[in-house]
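Working notes for the structure below.
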Amino acid sequence: MYPPSPRQDFFAVTLNLGERAQGGFDSGGGGSKYWRRRRLCWRKWKQLSRLQRNIILFFFAFLAVCGLISYINMANHGRAFTSRSSEEQKIELDIPELNPAVLAAPQKADANQGDFPEILPQKARNPRRGRLGNLQIKAPQEDLKERSHDDDDTKRLEEEHGQASKENKSERTVISWRGAVIEPDQGTEPPSNKMQEPGHKSSTVEIKNQKKPVPINERQKAVIEAFRHAWKGYKKFAWGHDELKPLTHSFSEWFGLGLTIIDALDTMWILGLKEEFEEAKAWVKTELNFGKNVDVNLFESTIRILGGLLSTYHLSGDSLFLEKAKDIGNRLMPAFNTPSRIPYSDVNIGSGVAHPPRWTSDSTVAEVTSIQLEFRELSRLTGDMRFQTAVEKVMKHVHSLSGKNDGLVPMFINTNSGLFTHLGVYTLGARADSYYEYLLKQWIQGGKKENELLEEYINAIEGVKRHLLRKSEPSKLTFVGELAHGRFRAKMDHLVCFLPGTLALGAHSGLTADHMELAKALIETCYQMYHQIETGLSPEIVYFNIHPQKGHKDVEVKSSDRHNLLRPETIESLFYLYRFTGDKKYQDWGWEILQNFNKYTRVPAGGYSSIDNVQNPSNPQPRDKMESFFLGETLKYFFLLFSDDMDLINLDQYVFNTEAHPLPIWAPA
């Protein structure tokens, strides 16, 4: 008897495909062999252990799942290809989108540039509603029948294209930044090296969120009346010149470029003042000439002239303003020809010669870091990257410098060495204020992608909290002082009242909630800088009591600081706080301030005047000067503050430059 053969731990399966192919099931012997082989395979399968069978079954199941996933992906790819093809066809057919970017690429100008585009009606306030993509603003006084017709068109287009809109919505990129979840908003396209054609229509109109217009209210009408009164004086006594001298019925020149007209262009558009806008536009077309042998300040020309022209171009769509903006932008570029690339403060726009101030080689930090919004937007529109490159080099250089104090910067920088000077003095007032403002606003303008700007902004706010915040006595008002070589001064410029609005804008854009709480505390202080003064108008600078003293107010004013220049900063911050909170007390505070402007600064013959003494209601001592920013900023912010239309210059579409000229927000990449 033979010994049993050892057990084998493997099996073999033999399939003779060639034989099967030859004999097939039709040949007599081939079929029986096939079934014998199947029985043999089955016996071998039964001889396997349970573990071996499970492994084999799992392997085949895995292959089946992989095959199914591959099939689904191929099917989705086919559907995506079909969807893209449909999208391309829709673009070719010029079918409007329901959710366009905030700003479309400018198109070629219409033949009739003289037509004044209508102003959008105001819409009912809805604090939670997103942006509309509405740059073309129609007049609030528009005929109701026309609005009804527009509503019918809206409904029809919604039904036709609603589904397409849903399919084309892109996912929002989420950025986590120091505990804050920030969602970049859609906006205009970022700069491109490709030249864009100047256009008459600079935007598309989103339709689905249109609502019935809200009539202009009585407070807004009062702002319109104030603007017309100021414009009357300027037109009568200072037309074409920089600023009105309302008391002597004359004018003053700074650059000789009609600053008041350019600064007020977008204000007239927003207020719906068609006749005044057309007058100003005609002057820009026929009289505004930048080829003059005149020195201009780089910062002031950028925020007032370049910013005003770019803003008006976006609101009106008229390429005249873009052409003028390109002209002045090119003429300002020689200012950047310095050893450090930190720009000179002054440039002759006729000869192209730039230079620092006559008494120093320093530039102001706020001035060289508060021109970025305007030059970056000029690059986006023209495709000429020189403008953006120049100003972004400045920001990168400033960010790399030593001499900061927890994000706070000194006030001066040398154009030769590129280093900070006058170290040890830190303020959010004059010469430094808008540096902090533009850190946040560049980040917002660029689609919330440039996180180095956001980091600098957050560091600076933490530095403010650590070094400059105090509370006054007896009312415990939160205020921002100054630090000079380690010593705190309880001094606060009215200019610092930009900060509550900037903080609120940052909180709205996704930063931590404590920024909004600080904004609310600071705007209360800025209001008290008006309310505790005899005329109800703030002085240029105040000092706060930080030690309890019987019979003393929180606010004290020195004789050299008690003038009021019709500044906008507090009204600006009231606008932001009302827009983001809906608390009507901010409108009431603004209304109180406007009435005091009318009472103490209005000149009967036309115009408003700065005053020398806010503490003397019987004789405020008018200064005989109406700054251009009164029309460009102060009255504009009053009008927006009193509006209940959250989409009248929607803050998810636009970012204001430091002269209150709204520029579009770019789309995130």
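The values are calculated or read from the model by the stated rules, or taken from the named source; none is laboratory data. As the structure is a computational prediction, the values presented were derived from the model and not from experiment. Here Cβ is always computed from backbone atoms with ideal geometry, including for glycine, and neighbour counts include all displayed protein chains. Note: areas computed on protein heavy atoms with side chains; ligands, DNA, RNA excluded. Shrake-Rupley method; radii C 1.70, N 1.55, O 1.52, S 1.80 Å.
Looking for whichever is over 25 Å from His531 (Cβ atoms) and at pLDDT 95 or above here; the options are Phe629, Phe656. Which one fits?
Phe656
In a residue-by-residue description of segment 568-576, the property of being in contact (Cβ under 8 Å) with a residue 60 or more places away in the chain, closer than 20 Å to Leu499 by Cβ, among the aromatic types (Phe, Trp, Tyr) and assigned to a strand (DSSP E or B) applies to no position.
Which one is most open to solvent (accessible area, probe 1.4 Å), of the residues in segment 604-633 that are touching a Lys or Arg at 6+ places or on another chain (Cβ under 9 Å) and closer than 15 Å to Arg228 by Cβ? Ranking the qualifying residues of segment 604-633, first place goes to Ala605.
Of all residues in segment 422-431, those that are surrounded by fewer than 24 Cβ atoms within 10 Å (Cβ to Cβ) and in a loop (DSSP other than H, G, I, E, B) total 6.
Suppose we filter segment 469-489 for residues that are open to solvent by less than 20 Å² (accessible area, probe 1.4 Å) and within 13 Å of Ile546 (Cα to Cα); how many remain? Number satisfying all stated conditions: 6. Restricting attention to segment 608-631, the residues that are in contact with a Ser or Thr (Cβ under 7 Å, 6 or more places away or on another chain) and of a type in the set (A, V, I, L, M, F, W, C) total 4.
For segment 309-344, name all the residues that are of a type in the set (A, V, I, L, M, F, W, C) and either touching a Lys or Arg at 6+ places or on another chain (Cβ under 7 Å) or in contact (Cβ under 8 Å) with a residue 40 or more places away in the chain (or both). If the condition is that a residue be of a type in the set (A, V, I, L, M, F, W, C) and either touching a Lys or Arg at 6+ places or on another chain (Cβ under 7 Å) or in contact (Cβ under 8 Å) with a residue 40 or more places away in the chain (or both), then Leu309, Leu310, Leu315, Leu320, Phe321, Leu322, Ala325, Met333, Phe336, Ile342 are the ones that fit. As a summary of the residue check, Ala513 satisfies the conditions (1) open to solvent by 30 Å² or more (accessible area, probe 1.4 Å); (2) within 15 Å of the chain's Cα centre (by Cα) except for the one numbered (2). When segment 289-310 is filtered for residues that are open to solvent by 10 Å² or more (accessible area, probe 1.4 Å) and among the aliphatic types (A, V, I, L, M), only Val294 remains.
Can you tell which of Ile533, Ile523 is modelled with pLDDT of 95 or more, surrounded by fewer than 24 Cβ atoms within 10 Å (Cβ to Cβ) and among the β-branched types (Val, Ile, Thr)?
From the options Ile533, Ile523, the qualifying one is Ile533.
The criterion of being touching a His at 6+ places or on another chain (Cβ under 7 Å) and assigned to a loop (DSSP other than H, G, I, E, B) holds for Glu473.
Kindly indicate whether Ser434 is within 30 Å of Glu540 (Cα to Cα) and among the small types (Gly, Ala, Ser). Please lay out each step first, then the result.
Numbers: within 30 Å of Glu540 (Cα to Cα): yes; among the small types (Gly, Ala, Ser): yes.
Here the answer is yes, as Ser434 does meet what is asked.
Here Ser316 does not qualify as among the polar types (S, T, N, Q), open to solvent by less than 20 Å² (accessible area, probe 1.4 Å) and touching a strand residue (DSSP E or B) at 6+ places or on another chain (Cβ under 9 Å). Can you find even one residue in segment 623-631 that is in contact (Cβ under 8 Å) with a residue 12 or more places away in the chain, in contact with a helix residue (DSSP H, G or I) (Cβ under 7 Å, 6 or more places away or on another chain), hydroxyl-bearing (Ser, Thr, Tyr) and under 19 Å from Leu574 (Cα atoms)? So far as segment 623-631 goes, no, none of its residues is in contact (Cβ under 8 Å) with a residue 12 or more places away in the chain, in contact with a helix residue (DSSP H, G or I) (Cβ under 7 Å, 6 or more places away or on another chain), hydroxyl-bearing (Ser, Thr, Tyr) and under 19 Å from Leu574 (Cα atoms).
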